[in-house]
Amino acid sequence: MTALMQGPLVALAPPRASRRPLVGGVALALLVVLFYVLPTPYDPNEQLADGLSPIGFPLAPGWTHPFGTDPLGRDELSRAIVGGRLSLLIGVVGSLVATAIGSLVGLLAGSTVGWLSNGLMRFTDIFMAFPYLLLAAALQSVLGPGIGNLLLVVGAVSWVNAARVVTAQVRAESSLDYVAALRTLGVPRWRVLLRHLLPNISPQVMVLFTTGISYTILLEATLSFLGLGIQPPTATWGNMIREGQAYFSSAPWLVLAPGLLLVVVVTAVSLISDAVSDRSSKGLKGFR
Amino acid sequence: MTLTRPRAVVPASGFPRFLAGRLVWLLAAVVVVVSATFVLIYVIPADPVSAVLGGRIQADQIEAIKARYGFDLPIWQQYLRFWGGLFRGDLGFSFATQQDVGQAIAARAGATAALAVAGLLLSLLIGVGTGVFAALMRGTWKDRAAMGTVVLGMGVPPFLMGLVLVFVFAYLLPVFPVSGYGSAAHLVLPALTIGLTGGAYYARLLRGRLVEVMDADFVRASRSRGMRESAVFVRHTLRNSFLPVLTWMGMDLGYFLSGVIAVEAIFAWPGIGTLAYRAITDYDTPMIVGTVLVSAVAIVTVNLIIDLVYPLLDPRMAHR
Amino acid sequence: MLRKTVTAAALLLTSVALLTGCAPAQAPSAPVLTGPPVTGGTFHMALASDLPTLDPAQAGYDATSWSMVVAVFSSLVDYDEGLGVTGDLAETWTVSEDGLTYAFQLRDGLNFSDGSPLTTDDILFSFNRLLDPDTASPGSYLFSNIAGAADYMDGSADSISGITAPDKSNVVIELVEPQPYFANILAMPYARIMSEAQVKKYPEDISQHALGSGPFTVESLTPGQELVLARNPAYFIPGKPYLDKVQVDLNVSDQTRVLEFQRGDLSITDVPAAAYQELVQGKDFAPYVVQNEDATTYFLGMKNNQAPFDSAEVRQALNYAVDKDRLVQLLNGRGTVASQLTPPPLPGFDPDAKGYEHDVKKAKDLLAQAGYADGFSSEILTVNDEQSMRVVQSISADLAKVGVDVTINAVDQSTFYATVGAEDQAPMFFTYWLNYYPDAYDFFASLLLPENAGGSNMFYYSNPDVEAKIRELSSLTEGRAEAIQALDAEVTATAPFVYLYHSITQNVRQSDVSYYIHPVHLWRFADYWISGE
C-alpha cells in the first residue's frame, strides 16, 4: 500500500547483508530466462479451438496448458510470459525515466543556491501533496491507454522521491571537505559536480533506480487492474488479474498465476535493490 | 540517504511564526495542486455534458446544457468561477452524477476516514509488532523468517491482497462481509488489506531503526547504568526509533484520506477513492477537481499535524 | 386496436415459449409466480453498475434505470406481466376507428405518494416537460407522432396541441398518423407522470427527489451505493405491491453479487459467465434459474459513411469473418446467432433467415474485391465490462485472421455513449439495441433512419430505399410481420453492421422468491413476493 501511494521512499535500512540478494538474483535470472529465452508454448492472443470447455468455460491447469486457459480460451502460461516481458520492460524503462528526471531536478536543486534551488525544492515539496494514484489515474485517462503514455505517467508521478533524495545527497556531499578543497584549487563548479559529486552519489541513484523498478511494476499492475493501463488483448499481469477476478472461486488460476509471478518478480527485484543499497551504504561509511 | 522527509526546523523567531509559515506553505501547495489538476483535466477531449448525453441528443441541446452549467466558457473563466465558488463553499455541480460535488464528497468522507484510520492502525499493529519482534530476535531464524515474510509482503499489491482476502473470507472462513458498508464488520477486510500490505513497510522501517539504535552509545550507556533491559527498550530504543515511523504514518494517513482506489473498488467501499475513480472514468471534471482538492488538503493537513507533533517526541527539536 | 394489441402480445408469448424450447439451458421462462401472493418482506438485489437516474425523461439507453422508474412512477397505461398493455392511471381507454385519437378515462382519487393529488395538469405537464428541448430527453423522438409535438419541439408552439384534458378525469391524445404500437410507447419509462409541484421545487436535481404515484416510493437514494424503495401506502391498486421494501445495492462486482446470493443475502442475482457452472449447472440453484429471451440484437457497428466501411463488400466481409458460434459459446450458450435485426421474441422474426455464416475464405475474397486484399487497421470502441471485453477480444482475433488489425478502445459506459455517435470517432464499436417497445419498428427506425444519425443511428446508415420502407412500416397494420421480414432481409443484404447474437438473460432466485424477468421492463417489483418460509 504504502509504496504504491507514496513512491519509492528508499532508504529503508535493510537488514544485515545475507544470502538474500543471491536468492533474488537467481530468482530474477530464472524469470528472465523464462520470459525472454524460452519460447511461449502458444500464441498468447490465439483463441484456441479447444481452449474452452463445451459450455465456454476456461480449462483447468493440465499437461497441455500448465497454467490452464483464460475465459477466451487462450493459453494462460503464454500470456503470463509475454505479460512478464512487458511488466519488466515497463518497470526498467519507467524507473529509468523517473530516476533520470528526479536526479536532474535533484542535481540542480542541490548544487545551486538561491531562487532556483528554493524554487525546485518548493516545487518538489508541493508535488508531495498530490494524491498519488489519483494523479496517475487521471493522467492516464487524459493521455489515453498505451505503453508510451504509461511510461510518461510513471515518469510524471515518480520523479519526486528521486529528486528529494538526490538533492539531499548533493547537499550533504557538497559540505564535505574534499569539495571545498577542489573549489579552492580552482576547479570549476560544474566540473566538481560532474566529475566528483556525481560518481560519489551514483550508488544512491542506483538504489533509487532498482527500488523504482519494483515500484513501477506495481504501479503498472494497479493501473491495468483498474482498467486504465495497458489495454487488452495485450497481456499484462495487471489486466490478466482484472480479467480473471470474477473467476476467482471457479478458476482461481486466472488470478493466482499472474498474481504469484508478480509477487515473485517484485520481491526478487527488491532483494536485489537491498543488495545495491547495502553495498552503497557500506561504501559511504568507508569513505567517511 | 535521508530516512525521513526533512522536517521543518523551528526558527528562532518562535512557534507562531513557524505555524504561519507552514500554513502559507499548505495553502500554496493546495492552490498549485488544484490549478495543475484543472489544467490537466481540461485537456480531456470529452466535456462532462457530452460524456453523459452525447450521442443521445442533438448537438444544439448539448450546447444549451453546457451553457447552463458554464462548461462553454474559456478555461480561465471556468477557473476563476471555480475559486469564486470555493470561497462561497461551493465545489461545483457534477453533471454526470447529478449531485453537488461538496455534498457528494461530504457523504463519503466518513467512510474514507474510517477506512484510513482503521487501515493505519492495523498497519501499525502488524508492522510494529513484527518489527519489534524481529529486532529483539535479531540474527536468529525467527528474525529471518519474519523479515522474509515482510519482504514478500511488500511485493503484494493491495488489490491482489484484497482479492485473496475476499476469496478466503468468502469461501473458507465466511465470518466477515466481503463487500459494502454499514457496520464495523464491513470494515474488517478492507482495513486488513491495507494493514497487511502497509504493515510490511512499518515492520521493515522499524526493525532497521531499532537495530541501529540498540547499538547506539546512549542506549549502551543506559544499560550499563543498570537500567532494566525492558525499560531501556521502551524508554530509549523504541522512542528513538519511532520518529521515522511517525513521519511515514503521516504520509500514509494523508494518502489514505485521499481514498485507496483499488481497495475501495474491490470491497465496494463508498469512499472518496471510488468517487474519484468513477469521476475519472466518467470525465466528470468538477468531481475530479473536487476530490483532488479535498485529498490535497487532507495530505498537507496531516503533514502539518505531524510537523507539530514531531518535536514532542524528539527531544532534539523543540518549539521553545 | 385494443384487441389487436392483445393478439400481438399472445403471439409474442408463443414465440418466446417456442424459442426457449431450443435454448441450450433448460429453465422456466414464463413468470415464476407460484402460490398465493404473500405481503411483506424485503426484496434485495445488487447491480454491477450505478443507477444513472430516476428522472423518467432521462431514463434512456441504460435499462437499469427503467425498472426503478417504473417502480416509482405510474403512466397512463402499463404492461401486465407479459407484453399486454393494460390501464394504469387510466381505468380504461378507447382508440378511434382511424387509430388517431386515444381517449383515456382516469381512475378516481389519484394521489402521489406524498398524498398530494395527481391531476390532469400533472399529466399534461409531464408530457410537455418530456418533449421540452431544455429537458433534452433522449426519448423525445419517440413521441414525435403526437399532433403538435414537432411544433413544440422546435419552439414554434408553447405546448403540445395534441395532448388535452377535456375535464378532470379525461385525457385525449391525438396522433399525426396511426401507430399500431402507440400504447407500448406510452408504457415506456419516458412517459411516466411526474408531480409538477415537485419538479418546480427541484428543477436541477429531480432525480434525487423522485416523487411519483407508482407502487413504491424512494426511501433513500445514495448515489453509487444503494437505492431503497418502500411500499407506497397510497398506491391506487389495492393489495399491491406485495413487498414492503426493495433494496438495490449499486456498483457491486460480479463475484460479490454471486457470493452474497449464495449466502442468501440477495433475493436474486444475474449469472455472470464466471458463475455459470456454479449457479446454473450446480444442483443447489438449478431449479431456481429464471430465464428470459431478450428482445436484443448485439452488433459490431461501423461508420457506414467512412472508408473502408463505406464499401458494402467490406461490411459483408466482416460479417463473414466473425465466428458467431464462438461468441455464443463464450456466453455459455446463453444466446442465439443473429441472422437479422429483429430479435426472436418480436413479431416478424424469421426463424429461417440466412444471415452470414462464418466463412474466412469468402471474407478474404470480398475484401480483395473491395481493394483491401492486405486488410486494414481500425479501432473498436467498447464498454469495458467483463463480458464485452471477452466478446470484443474474440472478434478482434477473428478479424486479425482476415488481415483486419484492430485495437480495442475499452471505456466506461458514459464515455462510450459520448464518443460512439461522433462521426469522426469510433470507426467500429460493439453495442446492442434492446427494444424500447416490443415492435421491430423500434429497431429499424432508431438504428437506421437518417434523422437519428449521430444519435441512435450510430452507423450513419443512409439508404433511401430502406428508409422509405421503414416509414411505410410505421403505420402499417395489415401484413406487418411479413413486411418486417422482407425489410429485414433487405437490410441484412446491405450489412449496416456485423450481426452478432441475440442474448438470453438468466437470473437465479432464492426458492421462496416469486420472481420473473419482464420482457420489456426487466424487473417489475410490484409483481414479486417472498413467501417467507
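Per residue, the average separation of C-alpha pairs within less than 8 Å and at least 6 apart gives chain B a relative contact order of 27 percent.
Backbone phi angles across the range A:135-147, fed through the Karplus curve with coefficients 6.51, -1.76 and 1.60 (θ = phi - 60°), yield HN-Hα couplings of 4, 4, 5, 5, 4, 5, 6, 5, 6, x, x, x, 5 Hz in residue order; Gly and Pro are listed as x.
Put the Cα centre of the range B:95-163 next to the Cα centre of the range C:93-120 and the gap is 59 Å. Remark: C-alpha extents of the range A:48-192 on the principal axes read 80, 31, 19 Å, sorted largest to smallest. As a ratio to 2.2 N^0.38 Å, the alpha-carbon radius of gyration computed for chain B takes the value 1.21.
I'd like the FRET efficiency for C:Asn111 and A:Ala60, computed as 1/(1 + (r/R0)^6) with the beta carbon distance as r and R0 of 56 Å, rounded to 0.05. E(calc), rounded to 0.05, equals 0.40. Over all distinct Cα-Cα pairs of chain A, the Kirkwood formula returns a hydrodynamic radius of 20.7 Å.
To one decimal place, what Kirkwood hydrodynamic radius in Å is obtained for the range C:258-386 from all pairs of distinct Cα atoms?
After inverting the mean inverse Cα-Cα distance, the result is 17.7 Å.
Based on every Cα atom in the range C:63-160, Rg and the maximum pairwise Cα distance Dmax equal 14.7, 40 Å. Given in Å, the Rg to one decimal and the Dmax to the nearest whole number for the Cα atoms of the protein assembly as shown are 32.3, 111.
Applying the criteria of a DSSP loop state and at most 15 other Cβ atoms within 10 Å to the trypsin sites (Lys or Arg not before Pro) of the range B:201-257 yields B:Arg225, B:Arg228. Per the Kirkwood formula applied to alpha carbons, chain C shows a radius of gyration over Rh ratio, Rg over Rh, of 0.96. Proximity of backbone amide H atoms, modeled 1.01 Å from N, is registered between C:Thr431 and C:Phe299, C:Gly301 at under 5 Å, excluding neighbours fewer than 5 places apart on the same chain. Our summary gives the range B:219-319 a relative contact order of 29 percent, counting only alpha carbon pairs under 8 angstrom and 6 or more residues apart. Distant-in-sequence amide contacts of C:Ala46, defined by a placed amide H-H separation under 5 Å and a gap of 5 or more residues or a different chain, comprise C:Asp249. Measure up C:Lys200/C:Lys245; C:Lys303/C:Lys324; C:Lys354/C:Lys469 against 23 Å on the Cα-Cα distance and list the ones that go over. The pairs that break the limit, which is 23 Å between Cα atoms, are C:Lys200/C:Lys245. For the range C:167-234, the ratio of Cα radius of gyration to the globular rule of thumb 2.2 N^0.38 Å stands at 1.43. Please report the base-10 log of the normalised intensity I(q)/I(0) for the range B:118-269, using a Debye sum with one equal scatterer per alpha carbon and no solvent, at each q in 0.16, 0.20 (1/Å). Treating every Cα as an identical point scatterer, log10 I(q)/I(0) equals -0.88, -1.16. Put a plus charge on the Cβ of each Lys and Arg, a minus charge on the Cβ of each Asp and Glu, and nothing anywhere else: the dipole of the protein assembly as shown about its Cα centre is then about 8140 debye. Less than 16 Å apart at the alpha-carbon level, and either on another chain or at least 8 residues along: which aspartates and glutamates does that give for C:Lys361? Qualifying aspartates and glutamates at Cα under 16 Å: C:Glu313, C:Asp323, C:Asp374, C:Asp398. Computed 3J(HN,Hα) for the range B:164-181, one whole-Hz value per residue from the Karplus formula 6.51 cos²θ - 1.76 cosθ + 1.60 where θ = phi - 60°, is 5, 5, 4, 4, 4, 7, 8, 10, 8, 9, x, 10, 10, x, 9, 7, x, 8, glycine and proline marked x. Close amide H partners of C:Glu91, meaning residues 5 or more places away or on another chain with modelled amide H under 5 Å apart, are C:Gln105, C:Leu106, C:Arg107.
The label-point distance for C:Lys361 and A:Leu104, in a model that sets each label 7 Å from Cα toward Cβ, rounds to 5.8 nm. Extending 7 Å from Cα along the Cβ direction at C:Ala493 and again at C:Ala368 yields two label points whose distance is 2.5 nm.
Radius of gyration (Cα atoms) of the range C:296-505, expressed as a multiple of 2.2 N^0.38 Å: 0.96.
Of the solvent-accessible surface of the protein assembly as shown, computed with a 1.4 Å probe over protein heavy atoms with every protein chain present, carbon and sulfur atoms account for 61 percent. When only alpha carbons are used to place a centre, the range A:182-234 and the range C:434-513 end up 58 Å from one another. Applying a DSSP loop filter and a limit of 14 other Cβ atoms within 10 Å to the chymotrypsin sites (Phe, Trp or Tyr not before Pro) in the range C:504-533 leaves nothing.
If contacts are Cα pairs under 8 angstrom and at least 6 residues apart, what is the relative contact order of chain C in percent? Could you put the intermediate results ahead of the total?
On the way: 1108 pairs, mean separation 113.8, N = 533.
The value is 21 percent.
Normalised Debye scattering of the range C:49-236 at q = 0.08, 0.15 Å⁻¹ gives log10 I(q)/I(0) of -0.23, -0.86, counting only Cα atoms as equal scatterers and leaving out solvent. Residue-wise HN-Hα couplings along the range B:94-102, as the Karplus relation 6.51 cos²θ - 1.76 cosθ + 1.60 with θ = phi - 60° gives them from phi, are 8, 5, 4, 9, 6, 9, 6, 4, x Hz; Gly and Pro carry x. The P(r) of the range C:162-315 has a tail past 21 Å containing 71 percent of all C-alpha pairs.
In square angstrom and rounded to 100, what buried accessible area do you get between chains B and C, total over both, with the probe at 1.4 Å?
2600
Summarising the label geometry, the points placed 7 Å from Cα in the beta-carbon direction at A:Ala180 and B:Leu308 lie 4.0 nm from one another. Panel note: the C-alpha atoms of the range A:111-207, placed on their principal axes, show extents of 53, 26, 19 Å (largest first).
The values are calculated or read from the model by the stated rules, or taken from the named source; none is laboratory data. These numbers come from a predicted model, not from an experiment. Cβ: placed from backbone, ideal geometry, glycine included. Neighbour counts: every protein chain shown. For the accessible areas, the whole protein counts, side chains as well, though only heavy atoms, and no ligand, DNA or RNA atoms are used. Shrake-Rupley method; radii C 1.70, N 1.55, O 1.52, S 1.80 Å.
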